[in-house]
Amino acid sequence: MAEDVVAVADKAPAATEEVVNKVITKVQAGETTSMLQNLWAEHQATVIHLGKIILLAILVLLIAWIIARICKRLIVKAVEKIPGLDNSIGQILGNIAKTLVWVVALLMILDLLGVNTASILTVLGAAGLAVGLAMKDSLSNISAGLMLLFLRPYKSGDFIDCGTVSGTITEIGLFTTTLKTPDGIFISAPNSAIFGHPIKNFSRNPVRRADINVGIAYGDSIPKALEVLNALLQSNEFVLKDPAPQVVVADLGESSVNLTLRFWATTENYWKAFFGIKEGLKGAIEGAGLNIPFPQRVVTLINK
């Protein structure tokens, strides 16, 4: 058997050379036209059929290209008109629709070529199931990313705290969300880790309230302290007048009467108001003749 295979292999180059030589001889003898006519007469139906298939395949590709562009453009514009939705959603959905159109076009072309597309779909379905099981964590990140893009609990530039991470949002992706901490550290968090925890968005609401605690001595006048601290709040340009700021007695501590300053500021000016009030507290209290006491205890000694 091996000898027969070797013999056939040895004869193949010679047979190929013989066919090539015949074709060259006919071309040189001017029989090209008759050769093509014979080829056309023998395979006319096959050539016409192949030509039709090629033309239909080109037509399908052209139509798919047009439909894919139109679908993506319509989806992007539709998402942009919906208030509250991130523009990234339109790009993602548009790319998904574009890919589906090209997949359908490819299946149509394979069907034109006589390929059994049912078996291909079965294989692709089984492969998709296997890939889905193997990449369940990645798919959960994608689903969480889509939910975050639709629900929009935060956007780029917001400062959030979701229990596991906190920082300013720099980018929202399908798999991960990137943040930058106040000290400049880069964080890339899986979307599923963020979506699975309560999200505190410190930038979402237009105004925020600040609470600052300060203590005065028990011998100081509480009404005078309230008046002085209220005046401090009123004098700060970043403290909002509505809602009105408050100064209340929060607690009677071991060594001081603890007061709480409550005031509202816009989210943009929150830290300016917060640190401005903190900076002016000591001077306002001491300037009014009041005292910020040190922690102290009264010790009574009993002489036997």
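What to note about this one:
- Residue that is of a type in the set (A, V, I, L, M, F, W, C), within 49 Å of the chain's Cα centre (by Cα), surrounded by 13 or more Cβ atoms within 10 Å (Cβ to Cβ) and closer than 30 Å to residue 176 by Cα, where the choices are 277, 199: 199
- Residue count for region 222-274, restricted to those that are among the polar types (S, T, N, Q) and touching a Gly at 6+ places or on another chain (Cβ under 9 Å): 5.
- Scanning region 217-260 for residues that are outside any loop (DSSP other than H, G, I, E, B), touching a Phe, Trp or Tyr at 6+ places or on another chain (Cβ under 7 Å) and either of a type in the set (S, T, N, Q) or closer than 26 Å to residue 206 by Cβ (or both) turns up just one, 233.
- If you go through region 147-167 and keep only what is at pLDDT 80 or above, among the hydrophobic types (A, V, I, L, M, F, W, C) and crowded, with 18+ Cβ neighbours inside 10 Å, you end up with 148, 159, 160, 162.
- Scanning region 215-253 for residues that are of a type in the set (Asp, Glu) and under 16 Å from residue 281 (Cα atoms) gives 220, 227, 237.
- On inspection, residue 144 does not qualify as more than 30 Å from residue 56 (Cα to Cα) and at pLDDT 85 or above.
The values are calculated or read from the model by the stated rules, or taken from the named source; none is laboratory data. Bear in mind that the values here come from a model prediction, so they are computed numbers and not experimental data. Cβ coordinates were reconstructed from backbone atoms using ideal geometry, including for glycine residues, and neighbour counts include every protein chain displayed.
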